[in-house]
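> Mind looking over this structure? Questions follow.
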Amino acid sequence: MANGWLTDTLILLPLGGAIFIAIAPLPRLAAGLVALAVSLVEIAFWGGALSAFDYRAGAGSVQLQDTTTWFGDLGISYHVGFTGFAIWLVGLSAVGMTAAIAYAVWVGREHARAYFASMLLLTTGLVGVFAAQDYLVFYVFWEAMLIPLYVLVGVWGGPGRLRATLMFFIYTMAGSLLMLASIIVLGVSQGSFDMVTAGYSGSNWIFLGFIAAFVVKAPIFPFHGWLPDTYREAPAEVAGVLSGLVSKAAAYGFLYIAVLHFPDPARNFRTPIIVLAAIGLIYGSLLAFRAPYIRGVVAYSSLAQMGLITFGLFATNLAGFNGAVLQMVNHGLISLGMFMLAGLVELRAGTGRFDRLGGMAKGRPVLATVLMTLGIIALAVPGSSNFAGEFLILTGVFKSGWGWSVVGAIAIVLAAMYMLRLISAVLHQSRGSAVSDSARDLRLGELALLAPIVVILIFFSAWPAAITDHTFQQRSSTNGLSTLSDGHVVQRSCGTGCQIVELVRP
Amino acid sequence: MIFDASIKTPHVDWFAMSPALTLLGASAVCLLIAVLFRPRARRYLSAWVTGGAFVGAFVAAALLYDRSPHPQGVIANAIVRDRLGALAAIIICGAGLASVLVSWRIRLRAHRAEYFALLAAAAGGMCFLVTATNLITLFLSLEWFSICLYVLCAIDVELEGSLEAGLKYLVVGGFGSAFLLFGSALVYGATGKVGFADIAHATAAGGLRHDTFLVAGLAMILAGLGFKASAAPFHMWTPDVYEGAPTPVTGFMAAATKTTALVLTMRLLTTAFPQEKQLWTIALAVIVCASLAIGNLGALVQRNVKRMLAYSSISHAGFMLMPIAAGNALGGRALLYYLIPYSAMSVASFAVVAARERELGVPVTFDNIAGLGWERPFLGAALWACMLGFAGLPLTGGFVGKFYAFSAVYDHGWIWLVIVGAVATAVSLYYYFGLVRALYMRAPAGLGLAPAGGQPPREAALQTAVFGCLVVTVGSFFAVEPLIRLAKHAASSLVF
């Protein structure tokens, strides 16, 4: 396709940056600034890709494609391209990684070249996952995310990092290997590994193999065992990247591969998955309410939000999908911002524990404002983009049964509880033992990190249709399929109370 | 006249044997160097000669590949001139060249020229073995290179471990060769033929499919080959020999011996025993499961890096026997492709261990390799890439190789073996990433031996070898199509 080079650039630019930083003998600050420059250029290219994407052709259509033969005899090619909803996730990744790299430049990291090279490699992996249009390419980029994460948490993490990385690694690889087995079976039996041209598969086992990888990465209850330790031990911005960006790769996998390529198995397994997502939603919210330190709250709220997003995805209707994609972008930005704030508070107070914090609002207006804004958007105050996302998800789920919406509504109330508790415990009440007068307010550099995230969130709060109108159009059709160009996602009824969502095929 | 003056000799195709002959020539020259030159000059001269010979043999093998589109038996069908043998010779010579570079600064007090002579001779035997098409040539070339390797393992007479390694390899290897020979005798007894193709014809013509002697002979031949390929349950010698032998020799053994043994196994089984396919595919599947289990579980508890890599090579014998067990054309391509990055990774990982060993002067364990990633970033990164490759993670050829192997097995219909392979991969991640962890995430504990002189020795030859192997490992991930085409042409000489 004409603009396939944009996709290749988005994938290969961070890789090139990583190799350059790893090899060139740059001093510490220079390595960080080069990485930051590369990420900013990546955002620019993403803007180009967004404007090059033609939304009238249908958000499910794959555009900006590039194909090269990789293994001719097994039908595997390096095939990349973007669907309409993938572009937003790529944008989230580009912006999120830029913020995380800027945080690392501000705070300073030992072995800077290795650190920034790993961050850029992670960016490549993330963008590649969203761009992959061939199952094996998807798997390659999925695994390519794991290696920098292992190094980032294992080298620069906290005291318990070795055990945390071990758990994280074992969980993730178990899921990934099941996905590899599924990919092999699917590809060899169909004769092609291409996602765009291959037909649907109705096999439940293959579907479950893919789901295994995604439920671990998201994570979905009860496969979240790696979550608390890894988020606690990782460096703050890496925890933000994990919870904000990497988990969205799993959600994208749920949407693009599991639901849209396996419509029948998705329908068969919908109820168990929605039940697990609901349990995760309530369980995560309750644990967040009980967590004694900032990162714990944000980590468990991440579990809850991923449950909510999965809720929306497995509602398998367009409202659910739209809400889920919007919520993915929202949650990515919010959790990245919250983890960075947690890191900044920990730097000032030496701890994130609530029993030793408190009263930080007094004399620190900027910190208080930013934390309150992020927190209020996070708890989905009406008018925020989070509210729009959650509303759409609950609308979508309502069509499957009003009981699920009740669960979702309860979760929103719990979200309000834990967020307000977080804000109050850090900012209000009497001054904690770890907070001293010398703990400064947010400095200009730190504000420069967080302000773009807040501004973007406010933008989406004012105009959530920027995303929801450019993901899945609300179109339902029973016999008008032939008039829609391929790549459209349509909703069809399959009997009383039954809905299938499909990608229109050539 | 009482006797006939002319003896009928077969026509000799010298070009077909050129890789082996080049290496034998170099071996002879090195032996002369050993007696004609001063001790200090011996090492460098013989290293240059051997390195040059490996380059020459590599080129000869490449030309042979190019000029042998159809398999032809030569020298009265003792060996075959085809692309399979040429490709295997290319891999062996590549591994040999890298090993010569790694051995450039080897700490041997005596017998330096003999070391290189033996290395060249062993490689010559291997190049000959991969072209063998009858049981006698098979045994001849097997013994040829095995004896060279036995001596190579023991050559560092200053180290007790080295002598022990050589002795163990001799005894166990001799046992394995005896099994192989006895099995060959049984097969000859049953069919009356020694040529591979002839054995297949005789089996078909004589209805010998279920003949006891033939099947027993096949089983013993498999056992003998299993010894060489270090597949479980014939793997007993591997950890001790790999640990005790001089590290560059271990790297060469891990790469080249395995290549030779596996290519030969594939040729032998598909050419000589196609009627017993049912039997040997299942037998190999059992051997695969045993190797994967023993190799991975054994490696989990190792603290010595060379021993861990030895157990990992046992598990890789399992992974690489999978495509042979599948017995289809996809499997043939998978094996030949997989051997390329596998050889590169083996030589490179043992090279890095050798570098650390020369720095420290003691055997390398997980504790004393700690921090290598930060002290010597290039070697650390190379070892990291090799661990990723062994584990089968993307961005290395090891991933593609495993993927092909699993696909070949699935194509044969054995999804259970794919699951076993996936579980084994999962288990192996623990110890491969344990090494990565030691390289980067641990501080060197109790490393009271401050290297006198500060900087680690700069070894240009070793680093060049590691770089070359790294290029092959990572490059084979991107350039899959050309390599698969090479493998496809090579595997086409066999009938599946």
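Just so you know, all these numbers are worked out from the coordinates, no wet-lab data involved. All figures in this text were calculated on a predicted structure; none of them were measured in a lab. When we count neighbours, we look across all protein chains shown, and the Cβ atoms used for this are built from the backbone with ideal geometry, even at glycine.
> Can you compute the equivalent ellipsoid semi-axes for chain B, i.e. the square root of 5 times each eigenvalue of the Cα gyration tensor, sorted largest first and rounded to whole Å?
35, 27, 20
> What's the center-to-center distance, using Cα atoms, between region B:180-243 and region A:426-458 in Å?
75 Å
> Farthest toward the dipole's positive end in chain B, which of B:LEU84, B:LEU222, B:GLY371, given Cβ charges of +1 (Lys, Arg) and -1 (Asp, Glu) about the Cα centre?
So the residue we want is B:GLY371.
> Moving on to the next point. What's the local net charge at A:MET167, with K and R +1, D and E -1, over the other residues with C-beta under 12 Å away? Write down the numbers at each step before the final one.
Numbers: positive: A:ARG161, A:ARG163, A:ARG232; negative: A:ASP229, A:GLU233.
That sum, taken over residues with Cβ under 12 Å, equals +1.
> Now for a different question. Counting other beta carbons within 10 Å of each residue's own, what order do A:VAL151, A:VAL426 fall into, fewest first?
A:VAL151, A:VAL426
> Also: Need one word for region B:94-194: rounded, prolate or oblate. Basis is the Cα gyration tensor (sqrt eigenvalues a ≥ b ≥ c); a/c below 1.5 gives rounded, then a/b vs b/c decides.
oblate
> I've got another one for you. Assign one of three labels to region A:51-138, namely rounded, prolate or oblate, based on the Cα gyration tensor with a ≥ b ≥ c the square roots of its eigenvalues; rounded applies when a/c is under 1.5, prolate when it is not and a/b is larger than b/c, and oblate otherwise. Show your work: numbers first, answer last.
Values: a/c = 4.07, a/b = 1.57, b/c = 2.60.
Taking the square roots of the gyration eigenvalues as a ≥ b ≥ c, region A:51-138 is oblate.
> Tilt of helix A:318-349 relative to the longest C-alpha principal axis of chain A, in degrees (0 to 90, nearest 10)?
For A:318-349 against chain A, the angle is about 20 degrees.
> How high is the relative contact order of chain B, in percent, with contacts defined as C-alpha pairs under 8 Å that are six or more residues apart?
In percent, rounded to a whole number, it is 15.
> Given a cut-off of under 8 Å on Cα pairs at least six residues apart, what relative contact order in percent is computed for region A:229-324?
Relative contact order, region A:229-324: 29 percent.
> Here is a follow-up. How charged is the neighbourhood of A:GLY157? Take every other residue with its Cβ under 14 Å from the Cβ of A:GLY157, and add Lys/Arg as +1 and Asp/Glu as -1.
Once positives and negatives cancel, what remains is +2.
> Going by a ≥ b ≥ c, the root eigenvalues of the Cα gyration tensor, does region B:277-368 fall in the rounded group (a/c under 1.5), the prolate group (a/b larger than b/c) or the oblate group? Could you put the intermediate results ahead of the total?
Numbers: a/c = 4.99, a/b = 1.95, b/c = 2.55.
Oblate is the answer for region B:277-368, as a/c is 1.5 or above yet b/c matches or exceeds a/b.
> Taking only the Cα atoms of region A:68-188, how large is their convex hull per residue, in Å³?
115 Å³
> Moving on. Working from Cα positions, state the angle (0 to 90°, nearest 10) between the long axis of helix A:294-313 and the longest principal axis of chain A.
Tilt relative to chain A: about 20 degrees.
> Percent relative contact order of chain A, based on C-alpha pairs within less than 8 angstrom and at least six residues apart?
Computed value for chain A: 15 percent relative contact order.
> Oh, and also: Using the Cα centre of chain B as the reference point, and only Cβ charges (+1 on K/R, -1 on D/E), how large is the resulting charge dipole? Debye, rounded to the nearest 20.
That gives chain B a dipole magnitude of about 700 debye.
> What is the magnitude of the charge dipole of the protein assembly as shown about its Cα centre, with +1 placed on the Cβ of each Lys and Arg, -1 on the Cβ of each Asp and Glu, and no other charges, expressed in debye to the nearest 20?
1360 debye
> For the protein assembly as shown, what is the convex hull volume of its Cα atoms per residue in Å³?
175 Å³
> So, one more: Under 15 Å from the Cβ of A:ASN330, count the other residues' Cβ atoms, weight Lys and Arg +1, Asp and Glu -1, and hand me the total.
So the surrounding residues net to 0.
> In debye, nearest 20: dipole of region B:157-309 around its Cα centre with unit charges on the Cβ of K, R (+) and D, E (-)?
Charge dipole of region B:157-309: 320 debye, to the nearest 20.
> Per 5 Å bin, what percent of the C-alpha pairs of region A:234-287 does each bin hold, from zero upward?
Percent of pairs per bin, in order: 4, 17, 15, 22, 20, 12, 6, 3, 0.
> Based on the Cα coordinates of region A:312-449, what is the per residue volume of their convex hull in Å³?
105 Å³
> Now, a different point. Could you tell me which of the pairs B:LYS402/B:LYS488; B:LYS168/B:LYS228; B:LYS193/B:LYS277; B:LYS277/B:LYS402 are separated by over 21 angstrom between their Cα atoms in the structure shown?
The answer is B:LYS277/B:LYS402.
> For chain A, take the longest principal axis of its alpha carbons; what is the angle in degrees between that and the long axis of helix A:402-427, to the nearest 10 within 0 to 90?
For A:402-427 against chain A, the angle is about 20 degrees.
> Using the Kirkwood formula on the Cα atoms of region B:37-79, what hydrodynamic radius do you get, in angstrom to one decimal? Could you put the intermediate results ahead of the total?
Details: mean 1/r = 0.0775 Å⁻¹.
It works out to 12.9 Å.
> Could I get the Rg over Rh figure for chain A? Both from C-alpha atoms, Rh via Kirkwood, rounded to two places.
0.95
> Among A:TYR283, B:TYR311, what is the fewest-to-most ranking by other Cβ atoms within 10 Å?
Lowest to highest Cβ neighbour count: A:TYR283, B:TYR311.
> Here is a follow-up. Any idea which of B:LEU181, A:VAL196, A:ALA288 is furthest toward the positive side of the dipole for the protein assembly as shown, if Lys and Arg beta-carbons carry +1 and Asp and Glu beta-carbons -1?
It is A:ALA288.
> Any chance you could tell me what percent of the C-alpha pair distances in region B:375-423 go past 13 Å? Present the calculation step by step, with values, prior to reporting the outcome.
Values: 713 of 1176 pairs.
For region B:375-423, the share of Cα pairs beyond 13 Å comes to 61 percent.
> Can I ask one more? Under the √(5λ) rule applied to the eigenvalues of the Cα gyration tensor, what semi-axes describe the equivalent ellipsoid of region A:327-393? Give them in Å, descending.
Whole-Å semi-axes of the equivalent ellipsoid: 26, 13, 9.
> Give me B:ILE199, A:ILE456 sorted ascending by neighbouring Cβ count inside 10 Å, so fewest comes first.
Least to most surrounded, the residues fall as A:ILE456, B:ILE199.
> Hey, could you grab the Kirkwood Rh for region A:131-260? Inverse mean 1/r over distinct alpha carbon pairs, Å, one decimal. Please report the intermediate quantities before stating the final value.
Details: mean 1/r = 0.0662 Å⁻¹.
The Cα-based Kirkwood calculation yields 15.1 Å.
> Of B:PHE273, A:LEU308, B:ALA354, which is farthest towards the positive pole of the protein assembly as shown's charge dipole, taken about the Cα centre with +1 and -1 on the beta-carbons of Lys, Arg and Asp, Glu respectively?
B:ALA354
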